[in-house]
Amino acid sequence: MKLELKDLNTPVPNTWCPGCGNFGILTAVKQAIVELVNEGFAEKRQFTLVSGIGCHAKIYDYININGFYSIHGRVLPTALGIKVSNPELIVLGFGGDGDTYAEGVAHFVHACRYNVDITMIAHNNQVFALTTGQATPTTERGFKGKSTPLGTFEQPLNPIALAIVSGATFVAREFALDVQHLKETVKAAVKHKGFAFIDVLQPCVSYHNMAEFVRTHAYRLEDVGHNPRDYSEALKKALEWDYEYKEDARIPLGIFYITERETYESVWPATRPFYKVRREPDIEKILAKHYVSP
Ligand code: SF4
């Protein structure tokens, strides 16, 4: 029986602001799961979602698959733990830009380095939205928010470049309002064996609406003949936009980089037998060793 989009609906009322870019991500991910299941790539029961904390995290409530609502900045260690415990699962991590690139940035770097076979989707609206508009590591200079009334003055972090140099084996940037391309990239990321990362520019209509800027300045990498297997070219393209809002900005969208190497769970010795072995500790023996009666 074919999976339908409505099979992924939940009864939870959606509380995102009308027009929020998160709706585009939700639609694209649901479409990708439906197509991957119907094409025979995986079964619905294999898909597992991990979210962080922030507006993005409500996606946990809106997709009817297994999941874990984790804590701020800790999506990736949670997702990694799930994957090594049961490598048959397809683990999708969702984080905000504050979540992933501020508190979670160390986990991000090491997940890229480890090359664990999961997909990480960052809802990058360049603002802390749930807490009503503070600057994050990807906010452009000059942005005036609740924590920066005089304007943000720090240079933004470039997560695409960071992912490539940290060892991620699939690196892409998409736009939340371009659902068709986003869906295709999510499917490619899930099919990729290794750490797949997608930075999704997600307009926050309430605190940081970059929709018009992205529409005006974006172009597709595949339209200019970009070769995602070329590391130097990928890095060059990654550095083309610095997440600032300049008049001459050019924002590449699509897949920057793809390569293959051993995945974390395939080489970490403990994962091979661990997830299939039921451990039955000898409690009496442990107590006898550690318990000293008064
Ligand atoms: Fe979306 Fe921004 Fe509203 Fe959060 S505050 S739901 S990110 S529009």
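The values are calculated or read from the model by the stated rules, or taken from the named source; none is laboratory data. All of these numbers come straight from a predicted model, not from anything done at the bench. Please note: Cβ atoms are built from the backbone with ideal geometry, for glycine as well, and neighbour counts cover all protein chains shown. Each accessible area value is taken on the protein alone, full model and side chains, heavy atoms only, with ligands, DNA and RNA left out. Shrake-Rupley method; radii C 1.70, N 1.55, O 1.52, S 1.80 Å.
Key figures for this structure:
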quantity: Per-selection Kirkwood Rh - the chain (Cα, Å, 1 d.p.); calculated: 19.9 Å
quantity: Antiparallel %, DSSP beta bridges [both residues in the stretch 5-266], to 5; calculated: 20 percent
quantity: Within the accessible area of the chain (1.4 Å probe), percent carbon and sulfur; calculated: 56 percent
quantity: Among Gly104, Ala234, Thr185 the positive-end extreme of the charge dipole of the chain (Cβ point charges); calculated: Gly104
quantity: The stretch 85-128 - Rg (one decimal) and Dmax (whole number), Cα, Å; calculated: 11.4, 35
quantity: Equivalent ellipsoid dimensions for the stretch 1-122 as semi-axes, Å, which come from the Cα gyration tensor, largest first; calculated: 22, 19, 11
quantity: Solvent-accessible area per residue for the stretch 52-185 (1.4 angstrom probe, square angstrom); calculated: 35 Å²
quantity: Two-decimal log10 I(q)/I(0) for the stretch 88-160, as the Debye equation yields it once each C-alpha is a single scatterer, q = 0.16, 0.18, 0.22 Å⁻¹; calculated: -0.59, -0.71, -0.94
quantity: Helix-only [θ]222 nm of the chain, DSSP H runs n ≥ 4, -39500 (n - 2.57) each, per residue, nearest 500; calculated: -9000 deg cm²/dmol
